[in-house]
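The structure appears right after this line, and notes come after that.
The values are calculated or read from the model by the stated rules, or taken from the named source; none is laboratory data. Computed from a prediction, not measured in an experiment: that's the story for all the values here. We place every Cβ from the backbone using ideal geometry, glycine too, and count neighbours over all the protein chains shown. Remember, those area values only see protein heavy atoms, side chains included, never the ligands or the DNA or RNA. Shrake-Rupley method; radii C 1.70, N 1.55, O 1.52, S 1.80 Å.
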Amino acid sequence: MNLEQELGNEMLKLYGIAKEKCNYNATRFIQMFYKLGAIETAKTLINSKNPTDGFTAMWECHCLDLTIEFLALNPKFKELFSNEELAKARKRLIDYGYNLINS
């Protein structure tokens, strides 16, 4: 399994957890995921000017660790993203109160 496939698997796993834990049905995310693939979906979400509905829902549920931004910062997947994308992901999480001391 390559790194993009692993990222995709993790993204779908987060989707399932978010659906169960936060009662959030991320229909647009799933559509985007199957249309664009894991990396392009993650990059689109991270590069969006404003937080997505899904990000906001995870913030409201106190589950920012279920966001694509958080997943992108995982050392395992960092090489798939540019430094600028990682900085955007980090900033969005920090702006919404997530403590990233160890990231």
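Please work out if Thr56 is open to solvent by 40 Å² or more (accessible area, probe 1.4 Å), within 22 Å of Lys21 (Cα to Cα) and β-branched (Val, Ile, Thr).
Numbers: open to solvent by 40 Å² or more (accessible area, probe 1.4 Å): yes; within 22 Å of Lys21 (Cα to Cα): yes; β-branched (Val, Ile, Thr): yes.
Judged against the criteria, Thr56 is a match.
When the range 68-83 is examined, which residues are found to be open to solvent by 60 Å² or more (accessible area, probe 1.4 Å) and either in a helix (DSSP H, G or I) or on the phi > 0 side of the Ramachandran plot (or both)?
Residues satisfying the conditions are Phe70, Lys78, Glu79, Asn83.
With the condition kept exactly as written, say whether any residue in the range 28-51 is aromatic (Phe, Trp, Tyr), farther than 23 Å from Leu3 by Cβ and crowded, with 17+ Cβ neighbours inside 10 Å.
Narrowing the range 28-51 to residues aromatic (Phe, Trp, Tyr): 29, 33-34.
Pick out the ones that are also farther than 23 Å from Leu3 by Cβ and you get none.
No, the range 28-51 has no match at all.
For Leu86, are the conditions met, namely being touching a residue at least 24 places away in the same chain (Cβ under 8 Å) and either at negative phi or open to solvent by less than 60 Å² (accessible area, probe 1.4 Å) (or both)? Before the answer, list the steps.
Values: touching a residue at least 24 places away in the same chain (Cβ under 8 Å): no; either at negative phi or open to solvent by less than 60 Å² (accessible area, probe 1.4 Å) (or both): yes.
Criteria not met by Leu86.
Test Glu10 against the stated conditions and say whether it is surrounded by fewer than 19 Cβ atoms within 10 Å (Cβ to Cβ) and out of contact with any helix residue (DSSP H, G or I) (no Cβ under 7 Å at 6 or more places or on another chain).
On the way: surrounded by fewer than 19 Cβ atoms within 10 Å (Cβ to Cβ): yes; out of contact with any helix residue (DSSP H, G or I) (no Cβ under 7 Å at 6 or more places or on another chain): no.
Against the criterion (surrounded by fewer than 19 Cβ atoms within 10 Å (Cβ to Cβ) and out of contact with any helix residue (DSSP H, G or I) (no Cβ under 7 Å at 6 or more places or on another chain)), Glu10 does not qualify.
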